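Trainee: Below are the structure tokens for one structure; questions will follow.
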Amino acid sequence: MNLEKYVVVSGLPGVHKMVATRGNGLIIDDRVEKRTRFVAIRQNPVTPLGTIGIYVDTDEGSDTVTLGEVFATILEKVGESPLPAVASANSAELRAWFNTILPNHDQDKVHINDIKKCIKWFSFMHENGLFEEISKEAATAATSETAETTEENAEKAE
């Protein structure tokens, strides 16, 4: 799952789609206010979701799994393992739920606040249909790549 276009802006609730970049900030599609707006980077630090990773323990040592992979796993398992309520769940419940999603996560490096952020971001994206949007974009990109490859092969054949 490609989350490169989606950002979290400090001071603004939710997850936003980056529409364009400027030298001093970003133009984002604000899903909360349902409008496009400019965000100055100096006033509001921005974190692209595609750059976030979750630490996991592997045979070789410590590694990371992208947030997109974690979200894809949550999407697969949301029916059998529903999201806990962040406000009312205690630390043990949150950790137990995250163990069902990513059993090999590094429990020393992945804090409860990280799990809460992951749940909040996933919930927001799921409720606002962003995962469907990502799927459509991926399908469109795959279709255009296939068309380009077909055109290149046709040109080589001539």
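Trainee: Exactly one of (1) farther than 26 Å from VAL9 by Cα; (2) assigned to a helix (DSSP H, G or I) is unmet by PHE122. Its number?
Mentor: If we test PHE122 against (1) farther than 26 Å from VAL9 by Cα; (2) assigned to a helix (DSSP H, G or I), just (1) comes out false.
Trainee: Something else: Looking at segment 100-119, which of the residues that are part of a helix (DSSP H, G or I) and either of a type in the set (S, T, N, Q) or touching a Gly at 6+ places or on another chain (Cβ under 9 Å) (or both) is modelled with the highest pLDDT? Reasoning before the result, please.
Mentor: Filtering segment 100-119 for residues part of a helix (DSSP H, G or I) gives 100-101, 112-119.
Then drop every residue that is not either of a type in the set (S, T, N, Q) or touching a Gly at 6+ places or on another chain (Cβ under 9 Å) (or both), which leaves 100, 113.
Numbers: THR100: 92, ASN113: 95.
If we take residues in segment 100-119 being part of a helix (DSSP H, G or I) and either of a type in the set (S, T, N, Q) or touching a Gly at 6+ places or on another chain (Cβ under 9 Å) (or both), then ASN113 is modelled with the highest pLDDT.
Here is a yes/no grid of residues against (1) surrounded by fewer than 16 Cβ atoms within 10 Å (Cβ to Cβ); (2) of a type in the set (Ser, Thr, Tyr):
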| site | (1), (2) |
| --- | --- |
| LEU94 | no, no |
| THR100 | yes, yes |
| LYS109 | yes, no |
| HIS126 | no, no |
| GLY129 | yes, no |
| GLU133 | yes, no |
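Trainee: Just checking, which of LEU67, LEU3, LEU83 is closer than 18 Å to ASP114 by Cβ and in contact with a Cys (Cβ under 8 Å, 6 or more places away or on another chain)?
Mentor: On the way: LEU3 fails: in contact with a Cys (Cβ under 8 Å, 6 or more places away or on another chain); LEU83 fails: in contact with a Cys (Cβ under 8 Å, 6 or more places away or on another chain).
Checking each option against the conditions leaves just LEU67.
Trainee: Among (1) open to solvent by less than 40 Å² (accessible area, probe 1.4 Å); (2) outside any loop (DSSP other than H, G, I, E, B); (3) of a type in the set (Val, Ile, Thr), there is one condition VAL86 misses while meeting the rest; what is its number?
Mentor: Among (1) open to solvent by less than 40 Å² (accessible area, probe 1.4 Å); (2) outside any loop (DSSP other than H, G, I, E, B); (3) of a type in the set (Val, Ile, Thr), VAL86 violates only (2).
Trainee: Just checking, how many residues over segment 32-76 are in a loop (DSSP other than H, G, I, E, B), open to solvent by less than 40 Å² (accessible area, probe 1.4 Å) and not hydrophobic (A, V, I, L, M, F, W, C)?
Mentor: Going residue by residue through segment 32-76, those that are in a loop (DSSP other than H, G, I, E, B) are 32-34, 41-45, 52, 59-60.
Among the residues that remain, those that are also open to solvent by less than 40 Å² (accessible area, probe 1.4 Å) are: 44, 52.
Narrowing further to those that are not hydrophobic (A, V, I, L, M, F, W, C): 44.
Looking only at that region, the number is 1.
The values are calculated or read from the model by the stated rules, or taken from the named source; none is laboratory data. Everything quoted here is computed from the prediction, not taken from an experiment. Backbone-built Cβ (ideal geometry, glycine too); neighbour counts: all protein chains shown. Side chains included, ligands, DNA and RNA excluded: accessible areas come from the protein's heavy atoms. Shrake-Rupley method; radii C 1.70, N 1.55, O 1.52, S 1.80 Å.
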